[in-house]
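Chemist: To start, I am sharing the structure in question, which I have written as structure tokens.
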Amino acid sequence: MSYNNIIYETDDRLAFITMNRPEKLNALSHALRGEVYDAMKEAEADPAIGVIILKGAGRAFSAGYDLAPNPDEQSDYVSHRSKMPDTGSTHPQHYDWSRHALMGHWLIWELAKPVIAQIHGWCLAGATELSSMCDMRMVADDARVGYPPVRAMGTMDMMWAPWFMKPGKARAFAYTGDWFSGEEMADFGWATFCKPKDELEDFTIRFARRLGHIDNDQLNYNKRAVNRQYEIMGIRTGLMSGTDVEAMSKHRPAASEFGRRVREFGLKAALEWRDGPFGDFRGEYESAPKNRPLAGSTPQDAKPGDADYSRS
């Protein structure tokens, strides 16, 4: 195996998959996602491995899907047809992205071995989807978990929040895009365990090694037994329905505003416009607009420096 975006290692009963694009906060490019899926299949096929740990190199678990991908990137781990990880369909339809992302994550759901996400730093948007499909989430207390695209771009691609969080907290997460600490995410029900960041890795490994004392067949049946209960409750239908709503959300009157700003002013300026009133993410920058009209209500010729970019 030769990977460019991840590091794959094994130690006794454990397999470690480390997303390794620290310069981009492990943004989930097509190639990186394809390599993660391939490495998980490699670990699944290895009878010596019982438990898989997914983590990120550098300052973050992952900042989410790569919004500025390299158009020339080549990879052996994406489909030659779709140029995305192979999920059984080329996903050719209009606004089919969220369906593609969800179908990729079902691979983790059906994997014969448990996957533990070890989360530190930022865990945003698509990274919350990736980690939510893992069997357990070990989270640093100061991690920042959120879904800022719901502020301007569209609904969550994978509406996992109602399944893994308390109802009121799920709504706060899915409506605002705000980030919440690892400690809060444990209280909300999403994080399996929350630990101080300097204890996180040791705790995760010790937990995984204990789990690895169970034989692979029993681990498989334990995982399958829990999964099937969620499926009886409707998780497959619910998450797939969420992708339909996500596609519709991109047809709302203001849907084109974020993309227009990316094209005209660049991605960083568009993110500052999106997050400015919230005061977090790119909204923390001095140049971000702290008070602006709602999306879709600004003149089409608006540009940085105009009134809608001014600070309150």
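The values are calculated or read from the model by the stated rules, or taken from the named source; none is laboratory data. Every value quoted in this text rests on a predicted model; they were computed, and no experiment measured them. Cβ sites come from the backbone with ideal geometry, for glycine too, and all protein chains shown count toward neighbours. Just so you know, the surface numbers come from the protein's heavy atoms only, side chains and all, with ligands and any DNA or RNA stripped out. Shrake-Rupley method; radii C 1.70, N 1.55, O 1.52, S 1.80 Å.
Chemist: Working only within region 6-25, note down all residues that are under 16 Å from the mean Cα position of the chain (by Cα) and in contact (Cβ under 8 Å) with a residue 40 or more places away in the chain.
Modeler: If the condition is that a residue be under 16 Å from the mean Cα position of the chain (by Cα) and in contact (Cβ under 8 Å) with a residue 40 or more places away in the chain, then 19, 24, 25 are the ones that fit.
Chemist: Shifting gears a bit: Suppose we filter region 14-43 for residues that are open to solvent by 50 Å² or more (accessible area, probe 1.4 Å) and not in a helix (DSSP H, G or I); how many remain?
Modeler: Selection size over region 14-43: 1.
Chemist: May I pose another question? Tell me, yes or no, whether region 100-119 has at least one residue that is of a type in the set (Gly, Ala, Ser), open to solvent by 20 Å² or more (accessible area, probe 1.4 Å) and either out of contact with any strand residue (DSSP E or B) (no Cβ under 8 Å at 6 or more places or on another chain) or modelled with pLDDT of 95 or more (or both). Please lay out each step first, then the result.
Modeler: Residues of region 100-119 that are of a type in the set (Gly, Ala, Ser), as a first pass: 101, 104, 112, 117.
If we keep only those that are open to solvent by 20 Å² or more (accessible area, probe 1.4 Å) as well, we get 112.
Imposing the further condition that a residue be either out of contact with any strand residue (DSSP E or B) (no Cβ under 8 Å at 6 or more places or on another chain) or modelled with pLDDT of 95 or more (or both) reduces the set to 112.
Yes: one or more hits.
Chemist: With respect to the numbered conditions (1) assigned to a helix (DSSP H, G or I); (2) open to solvent by less than 20 Å² (accessible area, probe 1.4 Å), which one is the sole condition not fulfilled by residue 162?
Modeler: Against the list (1) assigned to a helix (DSSP H, G or I); (2) open to solvent by less than 20 Å² (accessible area, probe 1.4 Å), residue 162 comes up short only on (2).
Chemist: When region 54-99 is examined, which residues are found to be open to solvent by 80 Å² or more (accessible area, probe 1.4 Å) and in contact with a Gly (Cβ under 9 Å, 6 or more places away or on another chain)?
Modeler: 59, 76, 86, 95
Chemist: Right, something else. Applying the selection to region 45-75, what residues are among the acidic types (Asp, Glu) and touching a residue at least 40 places away in the same chain (Cβ under 8 Å)? Reasoning before the result, please.
Modeler: As a first pass, look at region 45-75 and keep what is among the acidic types (Asp, Glu): 46, 66, 72-73.
Those that are among the acidic types (Asp, Glu) and touching a residue at least 40 places away in the same chain (Cβ under 8 Å): 66, 73.
Chemist: Is there a residue being outside any loop (DSSP other than H, G, I, E, B) and surrounded by fewer than 20 Cβ atoms within 10 Å (Cβ to Cβ) anywhere in region 121-131?
Modeler: Start the filter on region 121-131 by keeping residues that are outside any loop (DSSP other than H, G, I, E, B), which leaves 122-124, 126-131.
If we keep only those that are surrounded by fewer than 20 Cβ atoms within 10 Å (Cβ to Cβ) as well, we get none.
Looking through region 121-131, none of the residues is outside any loop (DSSP other than H, G, I, E, B) and surrounded by fewer than 20 Cβ atoms within 10 Å (Cβ to Cβ).
Chemist: Working only within region 242-300, note down all residues that are among the polar types (S, T, N, Q) and within 20 Å of residue 125 (Cα to Cα). Outline the logic, then answer.
Modeler: Here is the first cut: in region 242-300, the ones among the polar types (S, T, N, Q) are 243, 249, 256, 287, 291, 297-298, 300.
Listed by number, the residues that qualify are 243, 249, 256.
Chemist: While we're on this one: Can you give me the ranges of the helices (runs of 4 or more DSSP H) entirely in region 169-288 with at least 1 residues that are open to solvent by 40 Å² or more (accessible area, probe 1.4 Å) and farther than 21 Å from residue 98 by Cβ?
Modeler: Values: elements: 182-188, 197-211, 216-233, 235-249, 256-265, 267-275.
Correct list: 182-188, 197-211, 216-233, 256-265, 267-275.
Chemist: Looking at 198, 280, which one is touching a Phe, Trp or Tyr at 6+ places or on another chain (Cβ under 7 Å) and within 30 Å of residue 59 (Cα to Cα)? Steps first, answer last, please.
Modeler: On the way: 198 fails: touching a Phe, Trp or Tyr at 6+ places or on another chain (Cβ under 7 Å).
The conditions single out 280.
Chemist: Do we have residue 212 as in contact (Cβ under 8 Å) with a residue 12 or more places away in the chain, of a type in the set (Gly, Ala, Ser) and more than 21 Å from residue 39 (Cβ to Cβ) here?
Modeler: Values: in contact (Cβ under 8 Å) with a residue 12 or more places away in the chain: yes; of a type in the set (Gly, Ala, Ser): yes; more than 21 Å from residue 39 (Cβ to Cβ): no.
The answer is no for residue 212.
Chemist: Find the residue count for region 132-155, including only residues that are crowded, with 24+ Cβ neighbours inside 10 Å and part of a loop (DSSP other than H, G, I, E, B).
Modeler: Count: 2.
Chemist: Taking region 164-199, which residues are closer than 15 Å to residue 134 by Cβ and not small (Gly, Ala, Ser)?
Modeler: Result: 164, 185, 190, 192, 193.
Chemist: Further question: Counting just the residues of region 1-13 that are in contact with a helix residue (DSSP H, G or I) (Cβ under 8 Å, 6 or more places away or on another chain) and in a loop (DSSP other than H, G, I, E, B), which one comes out least open to solvent (accessible area, probe 1.4 Å)?
Modeler: Among them, the one singled out is 5.
Chemist: Out of 97, 109, report the one residue that is under 22 Å from residue 227 (Cα atoms) and of a type in the set (Phe, Trp, Tyr). Even if it seems obvious, please write down each step before you answer.
Modeler: Numbers: 97 fails: under 22 Å from residue 227 (Cα atoms).
Result of the check over 97, 109: 109.
Chemist: Inside region 20-37, can you point out the residues that are of a type in the set (D, E, K, R) and under 17 Å from residue 101 (Cβ atoms)? If you could, list the steps in order and put the result at the bottom.
Modeler: Residues of region 20-37 of a type in the set (D, E, K, R): 21, 23-24, 33, 35.
Those that are of a type in the set (D, E, K, R) and under 17 Å from residue 101 (Cβ atoms): 33, 35.
Chemist: OK, next. With respect to residue 91, is the statement that it is more than 22 Å from residue 227 (Cα to Cα) and touching a Ser or Thr at 6+ places or on another chain (Cβ under 7 Å) true?
Modeler: Details: more than 22 Å from residue 227 (Cα to Cα): yes; touching a Ser or Thr at 6+ places or on another chain (Cβ under 7 Å): yes.
Taking the combined requirement at face value, the residue satisfies it.
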